[in-house]
Each structure stands twice: as structure tokens, then as C-alpha cells.
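J.: Sharing a structure here in C-alpha cells format.
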Amino acid sequence: MMQCIFLLSDSGEVMLEKQLTGHRVDRSICAWFWEQSIAQGDSFKFMPVIASPTHYIFQVFREGITFLACTQVEMPPLMATEFLCRVADVLSDYLGGLNEDLIKDNFVIVYELLDEMIDNGFPLTTEPNILREMIAPPNIVSKMLSVVTGTSSNVSNTLPVATASCVPWRKMDPKNTSNEVYVDLVEEMDAIISRDGTLVKCEIYGEVQVNSHLSGLPDLTLSFANASILNDVRFHPCVRLRPWESQQILSFVPPDGQFKLMSYRVKKLKNIPIYVKPQLSSDSGMCRISVLVGIKNDPRKPIDSITVEFQLPPCVLSANLTPNHGTVNILASKVLMFFDHTCSWSIGRLPKDKAPSLSGTLVLAAGLERLPVFPTFQVGFRVMGIALSGLQMDKLDFKNLPSRPYKGFRGLTRAGEYQVRS
Amino acid sequence: MFTQFGATAESLSKASTMVFRIGTDAHLYDDPDDVNIAPLLDSKFDSEKCEALKRLLALIAQGFDVSNFFPQVVKNVASQSIEVKKLVYLYLLHYAEKRPNEALLSINYFQKDLGDTNPLVRAWALRTMAGIRLHVIAPLVLVAVSKCARDPSVYVRKCAANALPKVHDLRLEENTAAIEELVGFLLNDNSPGVIGAAAAAFASVCPTNLSLIGRNYRRLCETLPDVEEWGQIVLIGILLRYAIARHGLVKESIMLSSRDLENIASENGASDTYQKGNEDSNAYFGLKESNADLTNGVCKSEVVDIVSRSYLEGPDKYLSKHRCADVLSSELEGLHFTSAKDNEDIKILLLCTSPLLWSHNSAVVLAAAGVHWIMAPKEDIQKIVKPLLFLMRSSNSSKYVVLCNIQVFSKAVPSLFAPHFEDFFMSPSDSYQVKALKLEILSTIATESSISSIFQEFQDYVKDPDRKFAADTVAAIGLCAQQFPKVANTCLEGLLALASHATDGEAIVLLQAIYSIKAIIGKDPSSNEKVIVHLIRSLESIRVPAARGMIIWMVGEYSDIGNVIPKVLPVVLKYLARCFTVEEVETKLQILNACGKVLLHSKEEELWAYRKVLSYMLDLARCDLNYDIRDRARFIKELLSCYIGSSDTEEGKAQQESRDVSRVLAGRIFGGQIKAPSSEQFSARFYLPGSLSHVVLHAAPGYEPLPRPCSLNFEDPSINSNIVEGAKRPGDGATQSESYTDDPDSVSGSLNEESTSDYSYADSIGGSDGTGGSNVSSSLSEVDVHKEPLIHLSEVGYPNANPDGGSHVDNQYSGSNNLGELISTRSLESWLDENPNSGHNLSEPSSIRKSSARISIGHIHGRVEPKICALLDPANGNGLSVDYAFSSELSSLSPLLVCLQVSFKNCSTEPMMNLQLVEDNKRQDSSDHASAMTESSSHGDVPSLVPMEEIANLGPSETINIMLQVRFRHHLLPLKLVLWCNGKTYPVKLRPDIGYFVRPLPMDIGVFSAKEAQLPGMFEYTRRCIFTDHIGELKKGDKPGTNDQFLVICECLAVKVLSNANFFLVSVDMPVSANLDDASGLRLRFSGELLSNSVPCLVTLVLEGTCFEPLNILVKVNCEETVFGLNLLNRIVNLLAEPARG
């Protein structure tokens, strides 16, 4: 079981330590960890499990914050990883983001949360809804109150009733003035387009996100018109598995508020909404680059937030890139101690009159005739109002509700790992 | 560089935060000590206390030690404000172990809180009280836990389950049985939330006591889907272990398929009814059926076999056995196995774990997949594939772990993942490790049909900016090309192009490319002549020494292949000769070798030219700076002398013969058929899927392989009826109170009933016999922690034997004057009485009825090291130093002989000859005479010294250890021996150590007490002494795990005794009434029996005094042999009193 949790800032400072068992872990292990990650670089930064001389370290890196958990004995590594991810999720939900200042400013809440989430190295309460009832999230009102009156308490003095119920994810008998439920299909499209322009792989990773504000203990049933296209699924604990096994129907008692009901995957899709055609040709120490972007299969909904990003190879000395639409930024992002030069071209919405293109030259390091490596272009876009996988919801039924609630459905598709090789 | 890229992300993020920090705790974190904290803590306002505590917490977060505020903070535990309470608890848990005395002050309040009406307060109190981890309060915590285990609130019961490992961690042996019983009780709970926590407690308290699971197995399986996710992870593993221990492996599963090679692919293809949406994968199966087993079948069965054995035995054990001899081959055959189709238990396990494959917690999915991998019939394994692949999308950190597991699955059964090769294509966010794993999996699962798409991908990867990854890709291309000869040509072309375009900075890619080419050519050299020629041509441009070396190796190896190579050879050799001097060492060596080979294979007409080149190069090499090269040159010159020097014709026949010999030899060395190293050595270690050990590739502490199949045998058919009974048994205190009436008689009656009717004890003892087999020997050499509970279970009846019935609460605390001051007996009593029905109905309270608790310190055997004495000083022995140490081994020849480890060390610079130890014959008679008087002389024919083998030669600074068996005629008088060395004799004296005239006599505490009672009066001898070693040990500070003072003292004492005498440590007892610093009443018991006549001999140490002062120890020996007993007593007293070494 986990013995200790550390939170490290992006400069390696230990912001928090929480000892979990009697076997204390000295914080010098963080110094060791940081030295190693500086010495070994990227490959170490992404190691989720590290065997240090004294402990096994599990690592999760989120938005500049490194979450470490230490143990000395055998335990399922995914349990630690998953738990740290859950901690990161809960914290960013509570604090409205994750960064060094937010954690330091709210360190008491972080401590209180950690104390509820894990006991003796074993996860205790991780359900966000219950945590919210036990420890109040910081909000403007409580902040102002504490400034004015000097008192504040974010610890609830009653045990959430849900801990005892058979639906531990739901508050008992919440009263909502609004009687409504929204179901969103949020999809991410992963695609690989190879150097010669062929579509190697295209699949959709989607989530059914539900935002429910219903009173009482409602029982919902959601069915799809074409559930057969789903390749694989994962469910929120509230989903009853038997109805799905037999009829592919989602039957559940929803938690209150926003939650992820289900995630799914649809494989082997054939149509991608936009194309990105990079061309690189290099000789005598220069490299000419041009990138064209346009619509490939019109989803009949506006595509916006289009971006194209790529990393300049380390052998590039300088770059001169100009777009005919949108803006280009070259950012030197510092991750740990390493600089990456990322060129990002944000296009936004495609113009009607012309096809956006980016062209320019790269100057290579001395002695290099040709560019030996080719960057991969990452494409971002967003299509509102449609789920590109083609998954369609059939109907949403209610039981155990006094009045018919308002129902809302939406679809949204974003680019996930959408990569174009050059 | 990059001067125009001015704006960094970092500087942007720094700019804008101050505004939002108003009203948060920011100022507390930034300047925690800018006000005086102490007065705030004493303030009467909760808000000020809160602020002070927050400041302390901030200091803890920043790594400062603020334990000096402990007394003031503890006072605030009584606060009514829930927030203050919470903060105090946070502080308390952080420092309680450091300040045990003050921590005790808080116990009273916890006990009060435990009776609070608010379940949250009860839960917090229990969690904090258990987290304080002090030996002295462990019994109180246990009582609290057993009360909370019956709490009406699920949350409190869950916290009770979580508290059990904390109590167990204190290693109070006395509590083990009670803790295990509580685990069993909580596993029986009717709330899934509690069951999850109870499963976690089971896994850390008594993971091998599977009979506890047997009671509830079916019910646990059925509630599994409702258990919360974290509990599921642990519970799945426990159920799997139980199923294997109870029923054995499933005969249709992968694990047992190695002897039964059926075509998995076709089976899968036929029965793949899992989901309708995968028409494509069916199509792939159709294509694959024909060739899957042709390409992968052989390696598959081999891997599966190793994997399944590794799971069962642990890879280290398996590999070590494997190396010695292949004795195992038939072992698996003998295992029992069962069928998933007939066995209801296995069926229900598989049925209830399969929906968990849809869990949103990746650890649950992996655990469930592990169960199916091991237990499911082969045709059903398909269902784990998609969930596992889906896991890779969940987070970057879990991706790596999942891939590690998929890697093994795919190695064992490539056809499982073959249709899904696209999922292993790289994505830009992958880390190097993930990419490397994906590459390996891709090259494992490639099939004839997928290889072309995979190659398309590989070609893209070669241009990846990460050159290390590109090099790995090149290696993977080589592997695939060897597997699929059809694509070998395309691969070669690609690799050649890569090799010729590689620039200087690309050494790593280039090297790998040449290496892959070499491997591909090696499969079929004759048809790849052009490639070799092409490579030879590119020698001019390739500058990486290792790559050049490989090409030159090919020149030598394939010099006689085809038509073109022999023609270009002379030019190549001349080129090599010309640049020989400027080459790197490794290239030079290869050039010499290659020349030798060429000469060997050359035809008559070119011989002369080659010979000239070679001798030129040998001349160069002879003057080389590097001696490896000079050596190689000499060697080749000798070996090929017949070729080089054949111009001389006047040599004799004898020389002609020796030439023939060297000709054959040279042929063997250079021309011998080189076997490609066997495809893959499976030195790879396999650990259970989803385990930490599997990711770090060594057995992490606490890793346990699967239990031996069918090691858990239930003789009694009552198990099924007990399941029914277990299900009926109510878990709530509310309903339970109905079954136990208020009548005190029935309370005590139910007490006995519980412990006698509890069949699990009998079962587990039987189980330990089955698995352990040699409990005695294992507890001697290395105590298996997990077996301990099993061994001690027999004592459960022991406390019940005390006839003090219901009034035990008073008895228990009447003597506890010290603790009584801190914890008012009244509050405890009133609290116990508050809910008498639920408080008394199990036997845990009775376990503290005894006035002492038992500490288990089984692990100290590693620290025991025997004392070494000098037999001969190097000053007296002309540089020969002889040391000896008494060994705990027993002589196989006669019980009268004592074993000694003698080490001879040569400290001089000259070698020594003919070392031997013999008896001093002159004195033999007189000592014999003396011994005849004292001893019963029934073994009189045993010599004083078993003749020792002569050490023929002892080189300078060499050390030789020898086991010597000696019979001492007297307990105290030294044995005189003669040491022969280099023909001289040295008289030496071997001093006996009475501590080794005994051998350990394992017994439990009950037997010990009985024996002790039989040896009263004149067989009992006592003396006192002062012991000081522990002070140094305590001052060394808190080592992890042993920072409890009592534990340190007991370990010190036990190690000291066991290092000087061959005893068995029976028990370590601690009085329950102990004050924190007061070690009085600590009691250690040792047992042994005399070597000569097996008379038992018991030693008891009782401590008096406080922890950091010298301790007064009362040593008591019980032994029938009066003289021996007294001598032993003196010896123990002396050794305890003498200060520690070093």
C-alpha cells in the first residue's frame, strides 16, 4: 500500500507531503527523484513506475504538478496511478485548475481532501460528490466571508448520507429547483495520416457526459439507435451492467451534477473532416516548408478552433514562417530542464474565399545539407453539434420522477491525437 | 540560438496570480511563522486555534519539524469545533510516533469521541487512534475496532476494517488471532463498501489464510460488482488465489495449454461471439488461421509454459531450478486441475469478474483481465483484449503499465492481439518507453497479412526525431524480416538506403541498420550477394568503428560466396591493409580475423597475394600499441603458420603433421559453422499480471506467486452449510442484539461457542501442514511472515482457558496502574457497558484478558551473526591466520559433535602447503580419562575431532573455509589441537562455547510453560545482570519499521542471545500495562535441547528498568542437567553484560 504522497512543483520544490502509514518516507526521496529527472530527461519524466534505491515511486504529471506516491511493498501499480489521477482530478475540480499557487493557497483543503481520500495507504472516499459534501470547495463567497469575518470552516460536520446507501455516488434526496438533464456526446477523433497522405488509422474516443439536476432518486434508461458500432465501452459505477449485457441499454441512477456516464470507442472510421498537407523540401542548408489546410469531408457543421502544431527539429537554427490566414507563434516551452520549440499556427474558422496555407523556410544547423528528420503535425479542431462517430441516442426514459424533466442532447467532436506525418 | 522566440510560456504564467490569492490560505503557506504560534494555540477562539494549526500544517508541508508544539496541540483535541478537530488529527498523526508520551494524553478524548452520536466523529476518532501506532494502546485500539466493526454506520465499519492493518502492523503476536477473526467478521458484512475495505485488510493481515475466504467465497463473488472500485482490485486477487488453492488450475486455460497445442486462433475464430461489432477482426482471424501457429506456435508453447510456471513458483525459484536441471518437466503434470465447465466456483468467479472489464478504473480492468488470463478457458480469453486496448487511452501513466502486461500476453499468445495491430501504432504523445514497448509488441504479433501495413509504419518511424527510437525501429525491422522471408528483400533495400544516407550524428541508427542487415543476410547469405557487395562499397563512407567491424566481419565470413565477392576481395584487402593503422581497435581485430578467414578459404591462385597482405598486416599489428591486437596477431600467425610460411620446403615430417593439426584447428576456428544464437533466451522474468513486480521486473518485497494448486483441502463437507450460515449471520449491531439476550450467562456462553465452533482454525492448521511441510526447519532458518498466523492459531483456546469469566475487565485494569493514570478505567468501562450486547459477543476482549501482549520479531534471524574467535594469530603462525566460529548446523555423524566454521587465511606473500588440524595425541589419554568421569561415556567411541581434509595449497591472501566437527570433552576446558602447516606444527587451543552445546527446540508458548512447570526448584537457576547494548541502538534514531522502543530492545536482546547460543526464540511478551518508557516486565523466552542427550533446556529473560537506562535483567535457566545449566547461566549472564562489539 502507498506509504506517502508528495506534490512537487515544476521547479522540483516539495509543496506538500502526506505520510500515510507508520513507515515514514523521508522527503529526501524527492531530491533523488528530481536529480534523476534532470539527469535523465524526458524518458524519466514519463516513467510511471520508478524503482529508486529505497522505494518504488509512482508518478503522475499533470499541468506542471508532479504527484508522487511511494511504497516499499508489492501493490498493483495501476491502483496507485489511478488514485493519483483521481487526486489530480479532484484537486483541479476543487481549485478550478492546477498550478503551484493554487495548491499552496489552498494547502489546508488539499490536506483535508487527501486525508479523506486515503487511509493507511488504501483509498477511502474518492467519489467526488461525497467529497464535496464532506469538504466544501473554496468559492468566492467563502473567501469573502473569511476576509470579512476571519472565520471559515470548510469541513462538514455531518457524514454524507450517501456513504451508507447502495448508491454511494448520489446524495440522498437532493432538492433541485430546476428539473432537467443534459446528455452530451463528447468525442475525440484520433487519426494518423502517413507521409504519403493515406489514412492509416482513424477512430473515435467518446464520452457520454451527463449533467443531471433531478430531485429524488430517479431511475434513467438511455438507449442508442446504433449501439452496434461501439467497439468497446467503460462505465461509471452507477450503470447497471446486466441490462447492457443483454440489451445494450444504459440503466442507471445518476449522481447529481456533471459526470461521465460512459466512455466508448469506435474504430475503423473512414472519413476525416479536414486535411492537412505538409510539404518539406530541403537542400543546401535550407528547408522550404509549406502546409495546406482544407475541408475533406464536410460534416455540414462549422469547424472551428483549427490549429496546426509541430515541433521544430533540434537541428533547426531559425525559422521564418508566414501564414496567409491566422497567426503563427513559436514558443520555447520549458518542460523540466529541456527546451522544445513548438510552432503553432492557429487558424480558427476556415475562410470561405481561400485555402489557408503556411509557408516559409527553416535554416538548418551548420554542416547539414538536408533535414534528416521530419516533424509530425498535430491538428486540432472542433465541430459543434455533431458526433462524428455517427453514434445516435435513441431515447431517454425516466422512472421514479414526480414530473417530466427537461431533456437536452448535444454532440461535440474535437480532435484528439490527430497527427499528420511529413 | 532562437533569439527571435522571445516569449516563453513560463514567463507568461508567472505574471498573473496575485489578484486571486485574497481570502485563501496563501499567506499562511508563504509565511507560516511570521506570528507567534504558541499563544494562538492557547487562544479561546476557535478561529485563532484554526489559524495556528494551519500555520503548523504549512510548516509540515514545507518539511519543517514542528513537533515541539505537540503538547499544546494535543490539548485542542477536546475542541468542539469540527475543523479544529480535523486539523489536530492531521497534526497528531504526523507526529504521534515521535512524541508517544504526549500522544497518550489524547486517548481519553478519542474514547469519548468513539461514543459520539455523529458517525463522522466516531470514524475520525477511530482512524486517528489506530494511526497513532503505540504498542501500549494496541489492545485498546483492538477493543475499539471490534466495537466499531459492529457500528450501525457503514462508514465507521469501513474505517474499522481499515484500522485492522494498522493494529497488525504493530506486530503484537497476541492480537493476531483476534485481528484475523475480525477480518473474517467484516468480510461477512452485508455492505459492499465494508467488504472492499475488509478485503484490503485481509490482503495485508493474513493473505494466506484462505480458509477465511472459503466461508464466504460465493457471496464475495456475487457482491464483487457492487464493491467499490479500490476494494475490487484487491478482492479479485484474493478470490483468484482462493480458487487456485482450492480447485487448482483450469485445464482448458492457457496456463495448461503447453502440453495441449490446439490451434487457438481457429478456436477463437469459431467461437468469437463476444461482440457483434467486430466483423473485421473475424475477417482477420480467417486470414490468420492457416499461418498463426506455423509462425508463432513453437515459441508460444515455450513461453506459455514458462509464464505459467513463473506464476506458480515465482520466477527466481523457477529460473534457479531450471538452470540446475530440467527436473521440473513432469511436475506440472502432477498438479491437480479442474474444469471451468464443471466447477461452479470457477464459473461464478469468471462470471462475476467479466463485467468488471467495463470498469472505469483501469486497475480493476487489469485485475479482472488477469483472472481471465489465468483461469478462463482459452476460447474465452478473447474478451480481455478490447478492454485492455481501451485502457491505453485512459492516461499516459497507465498506458505504460498496461503495455507491460500486454507484452507478456502477446508473447505467449500472439494471435490474441494480432488483429489489433493498429492499436500499437505510435502516437506523438507517447514516451520513449511506451514506444519501445509498442515496437516490441508489434514485432511479436506481426503476421503475414499485417506485416505490410506494419512496415509502412516502420518506415515513417525511421524518420522520427527521436533517434534512439528510430534505431529501435530499425532493429524491429530486422526482427520482422527474419520472421517473414517474403519481405526480407524490401527490408534490405530500405535498410541499405538508410545505411548509405545516415550522417555522422546517426551512429546509433547506422549501427542498428548494419546489425539488422547482418542478421537478415545470415538467414540466407548466398542470395544476398549483391547486398554484401553494396556494403563493402560503402566501407569508404561509413566511419562508425563498430559498423565497419561488422561489414569487415561479413567480408571474411562470406568471402567464398557467389561470383562477385571473390573478384573484389583483393582490392578490398589492399584497402583494409592501407587503412589498418588508422582504424579503431575493434575494427582492427575484425580486419585481422577477416584476413585469416579469407586466406583459409582462398583458392590456390590467389593464395600468394593474400598471404602477402596478411603478413604485412600481422607485421603492423605486432607493433600495435594495443596488446589485444598484438595478441591476436601472434595467435593468428601461429594458427595460420602453415599457410603463411609454406614456402619453406625443407621441414620434416613431424612438422608436417603438426601443420595438419593446426590446419584442422584453423578450419574449426575460422571456418566452423557458426550457429546463430538460439532465437530468444527466455531469461525474461514473468510475474503475475497487474503486479508491481511485473513492471519493475524483480520480485518486490511482499510479492507472492500464486498458491500451489489444490493446496487448500477441505475434508469436512460442512463448508457449504457454513456458507449458508455465514450469509444468514447478520452484520448489523442492531439486528444482532436480538440474538444475544441481556442475560450475562448467555454472553459468556456465546463466547465459548464462538471460539469452539469456529471450524476455520482446524482448517488452517491442516492447511499449514499441507503447504509448509517443514514448518520447523523454515522457522529456524528464515521465518516466513505469512505462516506465522497459522502457527499461532493453535493458541486461540489459550486465553479462554482462564476461568475468570465475565469480570475480566476489572482484572485487566486493576494491575495497570501506569496506564490507568492516563486512561481512566471508568471511561472505558462505561463505554463498554454502553452497548454491552454488541461489545461482548466475540472473543476479542478476552484476548487482552491476559496481562501481556506478544510481539513478533521473526525477521531478526537475518541479523544474527556468530562471534568469530581467533585460533591462530598471524604473528605466531608465520602469516597464517586461523579463525573459527561456532555454527548452528548440526553434525550428521554424532549428536556429541559440535560444528565449527574454521577459516584459514594466508596473510603472507608465500603460498602455504599441507595445512591440517589434528588432535594433540599426547594429551589424548588424560583428557579422555577426565571425560569418562564427567560424562556418561555411552558415545565414548566418538573421536574428539573428525579428521579434516588436508588443504594442499593456500595461496597468498587466499581464504579457505572448512566445516569442522569437534567433540568437546568438557564444557569449559579448551580442546588442544595441532595445526600442521608447511611441515611445521603449531599447538592451538579450541575454546568451547557452551551456547552451542544445544540445538534449537522449536515449541510454542504453551509447551514452554508446561515444561517450565516440570522443572522447578533445584532445576531452576537464576542470576541478574545489567544490559546496556540497547541504549546505543535506541540513540541511533528511528530506523524505518523499528522505531518502537520496546521492539528495539527486544530485538537487541534476541540478536545478542541468538548470536552466541543456538537457541529457538519462543516468544517475546510485553505487559499490557506497560508505561511508555518502562520496559519492566518485557519477557523473552528461548528453548533448546542438549546435543548429547536431548534434555530440554529453557531460558527466560525478564527485564526491569526504563528504556534509555541500563536494564536489569533476570536470567532464568531451567534444565535437568545441573552442571550444564549452571555453566550455561553463567555464560548467558557474561555475554549479556559484556558491551556490544563495534
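J.: Out of all the residues in the stretch B:427-434, is one or more aliphatic (A, V, I, L, M), touching a residue at least 40 places away in the same chain (Cβ under 8 Å) and under 21 Å from B:Ile477 (Cα atoms)? If you could, list the steps in order and put the result at the bottom.
T.: First, pick out the residues of the stretch B:427-434 that are aliphatic (A, V, I, L, M): B:434.
This time we only want the ones that are touching a residue at least 40 places away in the same chain (Cβ under 8 Å), so: none.
No, the stretch B:427-434 contains no residue that is aliphatic (A, V, I, L, M), touching a residue at least 40 places away in the same chain (Cβ under 8 Å) and under 21 Å from B:Ile477 (Cα atoms).
J.: Right, here's the next one. So, in the stretch A:37-54, how many residues would count as being of a type outside the set (Asp, Glu) and at the interface with another protein chain (Cβ under 10 Å from one of its Cβ atoms)?
T.: Of all residues in the stretch A:37-54, those of a type outside the set (Asp, Glu) come to A:37-41, A:43-54.
Narrowing further to those that are at the interface with another protein chain (Cβ under 10 Å from one of its Cβ atoms): A:41, A:43-51, A:54.
So the count comes out to 11.
J.: Any chance the stretch B:1122-1137 includes a residue that's at pLDDT 80 or above, outside any helix (DSSP H, G or I) and either out of contact with any Asp or Glu (no Cβ under 6 Å at 6 or more places or on another chain) or surrounded by fewer than 15 Cβ atoms within 10 Å (Cβ to Cβ) (or both)?
T.: No, that holds for no residue.
J.: Restricting attention to the stretch A:397-419, report how many residues are out of contact with any Ser or Thr (no Cβ under 7 Å at 6 or more places or on another chain) and not in a loop (DSSP other than H, G, I, E, B).
T.: 14
J.: Any chance the stretch A:77-87 includes a residue that's surrounded by fewer than 21 Cβ atoms within 10 Å (Cβ to Cβ) and touching a Leu at 6+ places or on another chain (Cβ under 7 Å)?
T.: No.
J.: Looking at A:Glu74 and the list (1) part of a helix (DSSP H, G or I); (2) at the interface with chain B (Cβ under 7 Å from one of its Cβ atoms); (3) modelled with pLDDT under 90, which single condition is not satisfied?
T.: Only one criterion in (1) part of a helix (DSSP H, G or I); (2) at the interface with chain B (Cβ under 7 Å from one of its Cβ atoms); (3) modelled with pLDDT under 90 is unmet by A:Glu74, namely (1).
J.: Looking at B:Val77 and the list (1) surrounded by 22 or more Cβ atoms within 10 Å (Cβ to Cβ); (2) at the interface with another protein chain (Cβ under 10 Å from one of its Cβ atoms); (3) in contact with a Ser or Thr (Cβ under 6 Å, 6 or more places away or on another chain), which single condition is not satisfied?
T.: It fails just one condition, (2).
J.: Scan the stretch B:80-97 for residues that are surrounded by fewer than 19 Cβ atoms within 10 Å (Cβ to Cβ) and either more than 9 Å from chain A (Cβ to nearest Cβ) or small (Gly, Ala, Ser) (or both) and jot them down.
T.: B:Gln80
J.: Just to verify a result, which residue in the stretch B:210-242, among those that are outside any helix (DSSP H, G or I) and out of contact with any Phe, Trp or Tyr (no Cβ under 8 Å at 6 or more places or on another chain), is nearest to the other protein chains (Cβ to nearest Cβ)?
T.: First, pick out the residues of the stretch B:210-242 that are outside any helix (DSSP H, G or I): B:210, B:227-228.
If we keep only those that are out of contact with any Phe, Trp or Tyr (no Cβ under 8 Å at 6 or more places or on another chain) as well, we get B:227-228.
Working: B:Val227: 10, B:Glu228: 7 Å.
Checked the stretch B:210-242; the qualifying residue nearest to the other protein chains (Cβ to nearest Cβ) is B:Glu228.
J.: Return the residues of the stretch B:562-610 that are assigned to a helix (DSSP H, G or I) and basic (Lys, Arg); say none if nothing qualifies.
T.: Taking the stretch B:562-610 first, the residues assigned to a helix (DSSP H, G or I) are B:564-582, B:585-601, B:604-610.
B:Lys567, B:Lys574, B:Arg578, B:Lys588, B:Lys597, listed by residue number.
J.: Also, I was wondering about something else. Among helices (runs of 4 or more DSSP H) lying entirely in the stretch B:398-472, which contain 3 or more residues that are facing another protein chain (nearest Cβ under 8 Å)? So that I can check it myself, show each step before the final result.
T.: On the way: elements: B:414-417, B:432-445, B:451-461.
In the stretch B:398-472, B:432-445, B:451-461 are the helices (runs of 4 or more DSSP H) which contain 3 or more residues that are facing another protein chain (nearest Cβ under 8 Å).
J.: Among all residue pairs at least 6 apart or on different chains, which show Cβ distances below 8 Å where the first residue, located in the stretch A:23-36, is more than 11 Å from every other protein chain (Cβ to nearest Cβ) and among the aromatic types (Phe, Trp, Tyr) and the second is part of a loop (DSSP other than H, G, I, E, B) and surrounded by fewer than 19 Cβ atoms within 10 Å (Cβ to Cβ)?
T.: From the stretch A:23-36, the pairs are A:Trp32/A:Ser52; A:Trp32/A:Pro53; A:Phe33/A:Ser52; A:Trp34/A:Gly12.
J.: Across the stretch B:141-162, what is the number of residues that are surrounded by fewer than 24 Cβ atoms within 10 Å (Cβ to Cβ) and away from chain A (no Cβ under 14 Å)?
T.: Here the count works out to 1.
J.: Looking at (1) among the β-branched types (Val, Ile, Thr); (2) surrounded by fewer than 22 Cβ atoms within 10 Å (Cβ to Cβ); (3) in contact with a Pro (Cβ under 6 Å, 6 or more places away or on another chain); (4) under 22 Å from B:Ala201 (Cα atoms), which is the only condition A:Val49 fails?
T.: (4)
J.: Output the number of residues of the stretch B:972-989 satisfying the condition of being within 45 Å of the chain's Cα centre (by Cα) and surrounded by fewer than 17 Cβ atoms within 10 Å (Cβ to Cβ).
T.: So the answer is 3.
J.: For B:Phe70, which of the numbered conditions (1) within 14 Å of another protein chain (Cβ to nearest Cβ); (2) in contact with a Lys or Arg (Cβ under 6 Å, 6 or more places away or on another chain); (3) in a helix (DSSP H, G or I) fails to hold?
T.: Going through (1) within 14 Å of another protein chain (Cβ to nearest Cβ); (2) in contact with a Lys or Arg (Cβ under 6 Å, 6 or more places away or on another chain); (3) in a helix (DSSP H, G or I) one by one, B:Phe70 breaks only (1).
J.: Do you know which of the residues in the stretch A:182-215 that are away from chain B (no Cβ under 13 Å) and not in a strand (DSSP E or B) is surrounded by the fewest Cβ atoms within 10 Å (Cβ to Cβ)?
T.: A:Ser215
J.: Any residue that is surrounded by 24 or more Cβ atoms within 10 Å (Cβ to Cβ), under 23 Å from B:Ser711 (Cα atoms), in contact (Cβ under 8 Å) with a residue 24 or more places away in the chain and out of contact with any Cys (no Cβ under 6 Å at 6 or more places or on another chain) - is there at least one of those in the stretch B:163-171?
T.: No - not one qualifying residue is present in the stretch B:163-171.
J.: Whether any residue in the stretch B:539-555 is away from chain A (no Cβ under 14 Å), of a type in the set (Asp, Glu) and either exposed (fewer than 15 other Cβ atoms within 10 Å of the Cβ) or out of contact with any helix residue (DSSP H, G or I) (no Cβ under 6 Å at 6 or more places or on another chain) (or both) is what I want to check.
T.: For the stretch B:539-555, residues away from chain A (no Cβ under 14 Å), of a type in the set (Asp, Glu) and either exposed (fewer than 15 other Cβ atoms within 10 Å of the Cβ) or out of contact with any helix residue (DSSP H, G or I) (no Cβ under 6 Å at 6 or more places or on another chain) (or both): present.
J.: From the residues in the stretch A:348-386 that are over 23 Å from the mean Cα position of the chain (by Cα), in a strand (DSSP E or B) and away from chain B (no Cβ under 14 Å), which one is surrounded by the most Cβ atoms within 10 Å (Cβ to Cβ)? Even if it seems obvious, please write down each step before you answer.
T.: Here is the first cut: in the stretch A:348-386, the residues over 23 Å from the mean Cα position of the chain (by Cα) are A:349-375.
Checking which are in a strand (DSSP E or B) leaves us with A:357-364.
So of that shortlist, the ones also away from chain B (no Cβ under 14 Å) come out as A:357-359.
Working: A:Ser357: 16, A:Leu358: 22, A:Ser359: 15.
Going through the qualifying residues, I end up with A:Leu358.
J.: Mind telling me which of the residues B:Glu51, B:Glu102 ends up being under 24 Å from A:Val25 (Cβ atoms), at pLDDT below 85 and either in a helix (DSSP H, G or I) or within 13 Å of chain A (Cβ to nearest Cβ) (or both)?
T.: Numbers: B:Glu51 fails: under 24 Å from A:Val25 (Cβ atoms).
Among B:Glu51, B:Glu102, only B:Glu102 is under 24 Å from A:Val25 (Cβ atoms), at pLDDT below 85 and either in a helix (DSSP H, G or I) or within 13 Å of chain A (Cβ to nearest Cβ) (or both).
J.: Can you find even one residue in the stretch B:123-140 that is surrounded by fewer than 22 Cβ atoms within 10 Å (Cβ to Cβ), part of a helix (DSSP H, G or I) and in contact with a helix residue (DSSP H, G or I) (Cβ under 6 Å, 6 or more places away or on another chain)?
T.: For the stretch B:123-140, residues surrounded by fewer than 22 Cβ atoms within 10 Å (Cβ to Cβ), part of a helix (DSSP H, G or I) and in contact with a helix residue (DSSP H, G or I) (Cβ under 6 Å, 6 or more places away or on another chain): present.
J.: In contact (Cβ under 8 Å) with a residue 60 or more places away in the chain, more than 30 Å from B:Leu510 (Cα to Cα) and within 12 Å of chain B (Cβ to nearest Cβ), is that true of A:Tyr418? Give the derivation first.
T.: On the way: in contact (Cβ under 8 Å) with a residue 60 or more places away in the chain: yes; more than 30 Å from B:Leu510 (Cα to Cα): yes; within 12 Å of chain B (Cβ to nearest Cβ): yes.
Yes.
J.: Right, something else. If you go through the stretch A:98-114, how many residues are more than 7 Å from every other protein chain (Cβ to nearest Cβ) and under 16 Å from A:Pro128 (Cα atoms)?
T.: 4
J.: Something else: Residue under question is B:Ala363, and the condition is that it be in contact (Cβ under 8 Å) with a residue 24 or more places away in the chain and under 19 Å from B:Ala245 (Cα atoms); does it hold? Quick ask: steps written out before the conclusion?
T.: Values: in contact (Cβ under 8 Å) with a residue 24 or more places away in the chain: yes; under 19 Å from B:Ala245 (Cα atoms): no.
The answer is no for B:Ala363.
Yes/no matrix, rows are residues, columns are (1) over 19 Å from A:Val25 (Cβ atoms); (2) without any contact (Cβ under 8 Å) to a residue 40 or more places away in the chain; (3) more than 10 Å from chain B (Cβ to nearest Cβ); (4) not small (Gly, Ala, Ser):
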position	(1), (2), (3), (4)
A:Cys70	no, no, yes, yes
A:Ala80	no, no, no, no
A:Phe83	no, no, no, yes
A:Ala88	yes, yes, no, no
A:Gly96	yes, yes, no, no
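The values are calculated or read from the model by the stated rules, or taken from the named source; none is laboratory data. For clarity, every value in this text was computed on a predicted model and none was experimentally measured. Heads up, the Cβs are rebuilt from the backbone with ideal geometry, glycines too, and the neighbour counts pull from every protein chain shown.
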